[in-house]
């Protein structure tokens, strides 16, 4: 997955939701992400909420692309800089619970 944007959000939604049904933990590596737009962030929140409904743990791993991390940090969404999938996991866990 290289882009998480409005152009591919619908297709990715089915793919990502399928991962939730596998073993109680869904792990996604964010290292390959090059672009995330608002629709992409909405998809992540929807994924998190659906995972909670199914009692599935979501884990994001890897290092965020610098421009994505910079955009998140400029928005001031977190008290600490978000640079990794693990930090993004912590952020979305707090946001969606």
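The values are calculated or read from the model by the stated rules, or taken from the named source; none is laboratory data. Please read all numbers here as calculations on a predicted model, not as lab measurements. Cβ placement follows ideal geometry from the backbone for every residue including glycine, while neighbour counts extend to all protein chains displayed.
Across the stretch 75-89, which residue is nearest to residue 16 (Cα to Cα) among those that are exposed (fewer than 15 other Cβ atoms within 10 Å of the Cβ) and either in contact (Cβ under 8 Å) with a residue 60 or more places away in the chain or touching a helix residue (DSSP H, G or I) at 6+ places or on another chain (Cβ under 8 Å) (or both)? Restricting to residues being exposed (fewer than 15 other Cβ atoms within 10 Å of the Cβ) and either in contact (Cβ under 8 Å) with a residue 60 or more places away in the chain or touching a helix residue (DSSP H, G or I) at 6+ places or on another chain (Cβ under 8 Å) (or both), the top hit is 77.
Scoring residue 92 on the criteria (1) farther than 12 Å from residue 28 by Cβ; (2) buried (at least 17 other Cβ atoms within 10 Å of the Cβ); (3) modelled with pLDDT under 85 leaves a single failure, condition (1).
Here residue 70 does not fit the description of being touching a strand residue (DSSP E or B) at 6+ places or on another chain (Cβ under 6 Å) and more than 15 Å from residue 89 (Cβ to Cβ). Taken together, the residues in the stretch 4-58 that are closer than 19 Å to residue 68 by Cα, in a loop (DSSP other than H, G, I, E, B) and either in contact (Cβ under 8 Å) with a residue 60 or more places away in the chain or in contact with a strand residue (DSSP E or B) (Cβ under 8 Å, 6 or more places away or on another chain) (or both) amount to 6. Residues that are over 23 Å from residue 83 (Cα atoms) and modelled with pLDDT of 85 or more within the stretch 20-50 comprise 20, 24, 50, listed in sequence order.
Residues in the stretch 68-97 that are in a loop (DSSP other than H, G, I, E, B) and within 15 Å of residue 41 (Cα to Cα): 76, 77, 78, 82. When each of 47, 72, 60 is tested for being more than 11 Å from the chain's Cα centre (by Cα) and surrounded by 14 or more Cβ atoms within 10 Å (Cβ to Cβ), the lone residue that passes is 72.
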